[in-house]
Amino acid sequence: MTEFLQQLVNGVTWGSVYALIALGYTMVYGILRLINFAHGDVYMLGAFLGLYASRWFHAGESPSPLKAMLVLVTSMALSAAIGMVIERLAYKPVRRSPRLSALITAIGVSLLLENGGLLLFGADPKFFPQIIPMHNLQLGGGVVITNQQLIVIVVSLVLMFGLRMLVLHTKVGKAMQAVSHNHMAASLMGISVDSIITFTFMIGSALAAAAGVLVALQSPKIEPLMGIMPGLKAFVAAVLGGIGNIPGAVVGGLVMGVAEVLVTGYLSSTYRDAIAFVLLIVILL
């Protein structure tokens with residue numbers, strides 16, 4: 001029982017990360033009916049931006065909660081700006097084209113970011129500094145959670161709750177709901193559809209960047225191709241929760257994380273990446 005509870009804690013931690021990435025997929029799909037396959041690479045950029053921000057703020061040399069927060073916020077803000085640029089330059093010109101054109105564009109942007117990352121950051125892995133030193137916390141019954149895992153879960157929950165409040169209780173959130181239902185009707189009601197779509201990309205990119213920094217906090221080795229597999233798994237999580245459904249993406253991410261960790265713990269780590277696609281096939285069937 002202790003081992004199961006320990007695996008459950010680990011699974012919820014990873015599931016929180018998948019949920020943050022999945023939210024970006026589901027928001028963009030809800031607005032544009034587009035699968036943004038470059039989203040996993042924005043997660044990678046978020047981790048690297050966090051790395052350079054931590055060097056800028058000297059967060060690794062003298063760790064503090066304030067500096068860690070600055071690193072997270074800086075990475076999210078810069079990634080939101082990158083999301084805006086991607087939407088304006090890559091997706092906006094093909095918005096009224098056949099969906100296949102937009103899908104191919106998304107794959108092209110993904111390849112551009114991956115190979116651009118290899119050129120810019122280098123192919124060798126970089127190591128994220130310990131901006132928050134790790135400590136073990138006892139939950140009772142032999143179950144252990146690190147302070148870093150706790151931070152991942154708490155920050156993820158705060159961001160998810162903040163997004164929920166934004167969508168349900170703000171003017172821009174209501175505009176996002178209107179655009180997701182009908183672009184033309186929203187435009188006739190005076191809503192700037194282009195601005196809402198850009199804002200959605202920015203929010204999704206910021207959440208992916210937060211996931212990148214939170215993962216780097218626990219697994220400090222980062223490299224330019226690190227976003228491929230988490231991006232695919234988060235996409236499966238979004239499908240699992242009903243793509244376009246924000247609470248569903250959160251539930252799908254948590255289910256994905258727990259299933260992955262349980263398979264690794266009780267079967268074999270060889271099947272860790274396969275479980276995502278097994279779940280996808282089961283859902284499609």
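The values are calculated or read from the model by the stated rules, or taken from the named source; none is laboratory data. As the structure is a computational prediction, the values presented were derived from the model and not from experiment. Please note: Cβ atoms are built from the backbone with ideal geometry, for glycine as well, and neighbour counts cover all protein chains shown. For the accessible areas, the whole protein counts, side chains as well, though only heavy atoms, and no ligand, DNA or RNA atoms are used. Shrake-Rupley method; radii C 1.70, N 1.55, O 1.52, S 1.80 Å.
Remarks
- Peptide packing for 243-251, 259-267 was compared via the average number of neighbouring C-beta atoms within 10 Å per residue; ordered from the highest value, the list is 243-251, 259-267.
- Net charge, Met44 excluded, C-beta distance under 15 Å - Lys, Arg +1, Asp, Glu -1: -1
- When peptides 217-227, 14-24, 275-285 are ranked by their average number of other Cβ atoms within 10 Å per residue, the highest-first order is 14-24, 217-227, 275-285.
- Spherically averaged projected area in nm², based on the convex hull that wraps the Cα atoms of the range 140-280: 10.6
- Per-peptide packing, taken as the mean over residues of other Cβ atoms within 10 Å, places 64-75, 176-187 in the sequence 64-75, 176-187 from highest down.
- Relative contact order (percent, whole number), the range 1-119, Cα cutoff 8 Å, 6+ residue spacing: 29
- Long pairs among Lys92/Lys221; Lys67/Lys126; Lys67/Lys233; Lys126/Lys233, criterion Cα-Cα beyond 26 Å: Lys92/Lys221; Lys67/Lys233
- Taking all Cα pairs closer than 8 Å and separated by 6 or more residues, the relative contact order of the chain comes to 39 percent.
- Relative frequency of Cα-Cα separations exceeding 31 Å in the chain, percent: 26
- Electrostatic dipole magnitude of the chain [Cβ: Lys, Arg +1; Asp, Glu -1; Cα centre; debye, to 20]: 720
- Each part reduced to its alpha carbon centroid, the range 232-252 and the range 196-227 end up 16 Å apart.
- The residues neighbouring Leu32, those whose beta-carbon lies less than 15 Å from its own, together hold a net charge of +4 under the Lys/Arg +1, Asp/Glu -1 convention.
- Helix 171-181 axis versus longest C-alpha principal axis of the chain: approximately 70°, rounded to the nearest ten.
- If you wrap the Cα atoms of the range 133-209 in a convex hull and average its projected area over all directions, you get 7.0 nm².
- Within the accessible area of the range 204-285 (1.4 Å probe), percent carbon and sulfur: 72
- Taking the longest Cα principal axis of the chain as reference, the axis of helix 246-266 is set at about 30 degrees.
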